[in-house]
Amino acid sequence: MAEQQQKQKFTEKYAELWKFIKFTLVGFSSTLVELAVFYLLQYVVFKGIAHAPMPDNGFFNFLASIGLAEGLGIFYSYVISTTIGYIIAFILNRKTTFKADSNVVLSTILYIIMVVFTIIATAWIGTKFQNFMVAKGLKSLGDIITKPLVATLATAWTYPLNRFVIHRHKKPVEGEEGEEAEAAEATEATEVAEVAEVAEVAQTAEAAKTVDTAEAAADTTAEK
């Protein structure tokens, strides 16, 4: 019971931090699913065409320029697994992280725009960074750190967009308004109790002072 209350106090006191933690956990979970699907597709489903040549047109040439067209099978694997990962993240963040109740169609459109931008931006940044590491003779290190580094960088815009643009809620989250009222009442009760305690201490001190004065007066009278 005490542990549950401590957790509740943490989530209330650091509400925004708690949202970011949940957002990060959702991202981590969806990424694990995405990677599992990607490797299954690449090495099993599309194994025969993994490195097959891509169609020669402007769209695929652009993808090749940012490192997203290494082979037809790899490209199919990437598109399908990434789509699944982002769908999972969208649903979990909407339902659990931000508890959004905004228009789901509009949220989906905004989310797709963000996803497309994120894929292009991270692919371009990742390619540039890997080329830089290769030029410095650090290809192996670049292969290891590029993806997590770029993913962390993307959080700089994906979290604010998810939090304030995509997954908004028009009304107070269920239970949140009641919790705030209860917290306010508890704070008010504590303040009242503190004031009463101070007043009681003051009254006790005043009574003691009165008694001392009366005793002093009695002693003086007796001496006379």
(message) Need the full-extension length gain, Trp18 to Ala156, defined as separation in residues times 0.36 nm minus the C-alpha distance. One decimal, nm.
(response) 48.0 nm
(request) Arrange the following residues from fewest to most other Cβ atoms within 10 Å of their Cβ: Asp56, Asp143. (result) Asp56, Asp143
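Ranking Glu34, Glu16, Glu70 by Cβ neighbours within 10 Å, fewest first, what do you get?
Glu16, Glu70, Glu34
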(request) Determine by what factor the alpha-carbon radius of gyration of segment 2-171 differs from 2.2 N^0.38 Å, reporting the quotient. (result) 1.20
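Since every read-out is calculated from the coordinates, none of them should be taken as a lab result. It should be emphasised that the depicted structure is a prediction, and the values quoted were computed from it without experimental measurement. All Cβ positions, glycine included, derive from the backbone under ideal geometry; neighbour counts span all protein chains shown.
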